[in-house]
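The numbers here are math on the coordinates, done by the rules we state, and not lab data. Values in this document were obtained by computation on a predicted structure and should not be read as measured data. Positions of Cβ are generated from backbone atoms using ideal geometry, with glycine treated the same way; all protein chains shown enter the neighbour counts.
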Amino acid sequence: MILKVQKKLRALLPVLIIIGLVAGGFLYLKSKNGITKVTASKAEIRTIAKTISASGETAVLDDYTKRALIGGSIKTINFKSGDTVKRMTLLLKWIKRL
């Protein structure tokens, strides 16, 4: 069994080498025709001014609803729709229902 596998591998090896050489030659010739010009300069610290502007709309992918585990009424709301809030910011004050 092992000898049969070894014989098949020996027969396939030249074919694989030829395929590799053809593919390598093709890639080499393709790279020669599409020469890319590259420039180099000495590394230095400098400011790169690049501005990207775009227009459009954004939308929320998933809505988030928070529900209290206890009942009550909201006393104050400390944000407006669209505001950016930071972590640990007090968003609501409420009056507990007993």
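Just a few scattered comments:
- Helical content of the chain, expressed as a calculated mean residue ellipticity at 222 nm, amounts to -12000 deg cm²/dmol (DSSP H runs of 4 or more residues, -39,500 (n - 2.57) each, divided by residue number, nearest 500).
- Selection of chymotrypsin sites (Phe, Trp or Tyr not before Pro), the range 1-96, meeting DSSP coil and at most 10 other Cβ within 10 Å: Tyr64
- Short-range pairs are left out: with C-alpha atoms under 8 Å and at least six residues apart, the relative contact order of the chain is 20 percent.
- Over the chain: Kirkwood hydrodynamic radius from C-alpha pairwise inverse distances, Å: 23.5
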